[in-house]
Amino acid sequence: MNACLQRVALIRPLHGGEELEFQEPLGPECLAGSLGRAGWTAELFDRRLYERRGLLPAFWEDFCARVPYEAVGFSLMTAEDLPDALRLIQRMKLSAPAPRFVLGGLFVTLAGERQRAVVPRDVALICGEGETQLLSWLERADLRASEQSGSGPPTWAPAWRPQLADYLAQGCAINIRGGRGCSGACAFCATPALAPAYRLWAGRDISEVVDEVAALATRAQALGQLPIFNFVEDDFGPLARVEELDAELRARGLRIAYSLQMRGLSLLKEADVFARMARLHEGGFCRLFIGVESMTAATLRAWHKPLDPDALLALLGRVEQAGIRVHIGYILWHEDSTPESVRREVIALHEQGFFSTKCVFNRMVLFPGAALYAEDIAAGKRAGTVWQALSPTCEELYQKLTSWLRPLYLVWVRAATALPQAAARAYLTGDATETARLDAVLAVCDRIAYGAVADADFSADIAGTAARLDKELDEIRCPRT
């Protein structure tokens, strides 16, 4: 192959739907790092970053200034990413010589087979995380091989981040990976249906993780930004692994702030959680995301998620007392919900201190590949369902609550997405003024949302309250979604 053509463009397309949170696109950055290690040159184009900065018309000029490419790849997270990618492919095919095209990402992994009706046959589809398959496709030009999920050991090349300064300027945390896969078998999750190489949990060597953290922290500080990190994998691993990360950070004298995700079943098996979490918070652990999903044991069993929700929420309360912010995943609305169960669960969450406005909007999503999705298809329901069907009475209540609360929910999302970085800044600077103001905004939203569900209280001036809270967020320079 001509060495001058060992160049690939990786593009995150525009999102055609509602995108409430903007983040650094770690997937394409990791692919670029992996290709670079193999001797390829990758150019990254994030059309959402162009759009966010008001520079979208400049994308095509920037792209054309760097041609020719051996191939152009698009990272698709959802169906809403596909139309922009297809429009760009059609336009790029007019160039001479035209590059080869490939689509990958979560959407292709879960629904690739169904997309063949709309994706041109000469466009390759790559499932899974893609490093091995993408390189194989580039070097062998084997379209059929690319459409397999693949196997083999994970690769951990550091992500290539030429636009780190732009993402930090947008208020993004630095996304980083410390592992991949998940050992769970939740029926609402597509991960258990993936090929073994992608569903089994694998941890990255902690010393390599901290090597990348150290380099990125230095870059952030050189840009005048605080070193704030977000570990993006579904499960960072057991508490001992977080402690291994903490020990390595301390050994190198690195003072950062970070967020990560853990599995509830794993955390429930741990001892001395308060003391251990308090020490981890001293080392920079600022936020934990964890899936609780339901307060009903029978529902959790049906979803193949065997845990005691009351015990987990009590334990998470101790985690918060240790100084670590906790955000839970919860699916309030699903096919077995009733108006009574919704109210009962909301009250229970409120009593435990974990109710939020977002809970009212959380409805079961059926992902292709998930066990619950397969059950729907087997029952003769239409393919491609996004939301799980509710009973008529629940559907009516869901629509009533979400339509009335929506202006307030948009405020809640704005404050909640700013809170992790604000909490990290508070840890690093010692100034908690911003977090206190965000907490106050969120508390107003949660109080009104709770009243609507628990007491059927729809008396609040939603529009006026949302406008007032939006102004408060403007005053503390909270980014708009």
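The values are calculated or read from the model by the stated rules, or taken from the named source; none is laboratory data. Predicted, not measured: the structure shown is a model, and the values here were computed from it. Positions of Cβ are generated from backbone atoms using ideal geometry, with glycine treated the same way; all protein chains shown enter the neighbour counts.
Within the stretch 419-456, how many residues turn out to be of a type in the set (A, V, I, L, M), surrounded by fewer than 22 Cβ atoms within 10 Å (Cβ to Cβ) and over 24 Å from Glu351 (Cα atoms)?
Looking only at that region, the number is 3.
For the stretch 17-66, what are the residues that are outside any loop (DSSP other than H, G, I, E, B), under 23 Å from the mean Cα position of the chain (by Cα) and polar (S, T, N, Q)?
Ser34
Quick one: in the stretch 249-265, which of the residues that are surrounded by fewer than 19 Cβ atoms within 10 Å (Cβ to Cβ) and in contact (Cβ under 8 Å) with a residue 12 or more places away in the chain is farthest from Glu24 (Cα to Cα)?
Leu265
Go through the stretch 343-363 and report how many residues are aliphatic (A, V, I, L, M) and either touching a Lys or Arg at 6+ places or on another chain (Cβ under 7 Å) or surrounded by fewer than 21 Cβ atoms within 10 Å (Cβ to Cβ) (or both).
2
Give all pairs with beta carbons closer than 6 Å in which a residue from the stretch 270-290 that is at negative phi and basic (Lys, Arg) meets a residue that is modelled with pLDDT under 95 and in a helix (DSSP H, G or I); count only pairs at least 6 apart in sequence or on separate chains.
Filtered contacts from the stretch 270-290: Arg287/Pro420.
For the stretch 53-78, give me the residue count where each residue is crowded, with 17+ Cβ neighbours inside 10 Å and of a type outside the set (A, V, I, L, M).
Total satisfying the criteria: 7.
Any residue in the stretch 177-194 that's part of a strand (DSSP E or B): show its pairings with residues that are aliphatic (A, V, I, L, M) at Cβ separation under 6 Å, as long as the two are six or more apart or on different chains.
The qualifying pairs are Arg180/Ala202.
With the requirement that a residue be of a type in the set (S, T, N, Q) and either at pLDDT 95 or above or closer than 28 Å to Cys445 by Cβ (or both), what does the stretch 349-398 give you?
Once the filter is applied, which keeps residues that are of a type in the set (S, T, N, Q) and either at pLDDT 95 or above or closer than 28 Å to Cys445 by Cβ (or both), the stretch 349-398 yields Gln352, Ser356, Thr357, Asn362, Gln388, Ser391, Thr393.
Can you find, within the stretch 131-164, the residue that is surrounded by the fewest Cβ atoms within 10 Å (Cβ to Cβ) among those that are at pLDDT 60 or above and of a type in the set (D, E, K, R)?
Arg140
State whether the residues of the stretch 257-270 include one that is assigned to a strand (DSSP E or B), modelled with pLDDT of 95 or more, closer than 20 Å to His327 by Cα and in contact with a Ser or Thr (Cβ under 8 Å, 6 or more places away or on another chain). Before you say what the answer is, go through the steps one by one.
Going residue by residue through the stretch 257-270, those that are assigned to a strand (DSSP E or B) are 257-262.
Okay, now just the ones that are also modelled with pLDDT of 95 or more, so 257-262.
From what is left, the residues that are closer than 20 Å to His327 by Cα are 257-262.
From what is left, the residues that are in contact with a Ser or Thr (Cβ under 8 Å, 6 or more places away or on another chain) are none.
The answer is no; no qualifying residue exists.
For a quick check of your reading: which helices (runs of 4 or more DSSP H) sit entirely within the stretch 337-436 and have at least 3 residues that are not hydrophobic (A, V, I, L, M, F, W, C)?
So the answer is 339-352, 371-378, 392-429.
So that you can scan it fast, the table gives a plain yes or no per residue for (1) buried (at least 22 other Cβ atoms within 10 Å of the Cβ); (2) within 21 Å of Leu26 (Cβ to Cβ):
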| residue | (1), (2) |
| --- | --- |
| Glu80 | no, yes |
| Ala85 | yes, yes |
| Lys93 | no, no |
| Leu103 | yes, yes |
| Arg116 | no, no |
| Glu129 | yes, yes |
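Tell me, which residue of the stretch 173-188 that is among the hydrophobic types (A, V, I, L, M, F, W, C) and buried (at least 20 other Cβ atoms within 10 Å of the Cβ) is modelled with the lowest pLDDT? Quick ask: steps written out before the conclusion?
Taking the stretch 173-188 as the starting set, the residues that turn out to be among the hydrophobic types (A, V, I, L, M, F, W, C) are 173-174, 176, 182, 185-188.
Applying the additional criterion that residues be buried (at least 20 other Cβ atoms within 10 Å of the Cβ) yields 173-174, 176, 182, 186, 188.
Values: Ala173: 95, Ile174: 97, Ile176: 97, Cys182: 86, Cys186: 91, Phe188: 90.
Here the residue is Cys182.
Only one residue in Ala449, Ala440, Ala436, Ala422 is free of Cβ contacts under 8 Å to residues at least 40 places away in the same chain, of a type outside the set (Lys, Arg) and in contact with a Leu (Cβ under 6 Å, 6 or more places away or on another chain). Which one?
Working: Ala449 fails: free of Cβ contacts under 8 Å to residues at least 40 places away in the same chain; Ala440 fails: in contact with a Leu (Cβ under 6 Å, 6 or more places away or on another chain); Ala436 fails: in contact with a Leu (Cβ under 6 Å, 6 or more places away or on another chain).
On inspection, the qualifying residue turns out to be Ala422.
Only residues in the stretch 78-97 that are free of Cβ contacts under 8 Å to residues at least 40 places away in the same chain count as the first member; pair them with residues that are in a helix (DSSP H, G or I) and loosely packed, with under 12 Cβ neighbours inside 10 Å, Cβ under 9 angstrom, at least 6 apart or cross-chain, and list the lot.
What qualifies is Ser95/Cys64.
Select from the stretch 261-286 the residues that are touching a helix residue (DSSP H, G or I) at 6+ places or on another chain (Cβ under 7 Å) and either of a type in the set (A, V, I, L, M, F, W, C) or more than 19 Å from Asn230 (Cα to Cα) (or both) and list them in ascending order.
Answer for the stretch 261-286, where residues must be touching a helix residue (DSSP H, G or I) at 6+ places or on another chain (Cβ under 7 Å) and either of a type in the set (A, V, I, L, M, F, W, C) or more than 19 Å from Asn230 (Cα to Cα) (or both): Leu267, Leu268, Glu270, Val273, Phe274, Arg276, Met277, Leu280, Phe285, Cys286.
Take the stretch 388-437 and flag every residue that is in contact with a His (Cβ under 9 Å, 6 or more places away or on another chain), under 27 Å from Ile476 (Cα atoms) and hydrophobic (A, V, I, L, M, F, W, C).
Ala416, Leu419
Between residues in the stretch 333-348 that are at pLDDT below 95 and residues that are part of a helix (DSSP H, G or I), which pairs lie under 6 Å by C-beta distance while being six or more apart or on different chains?
No pair meets every condition.
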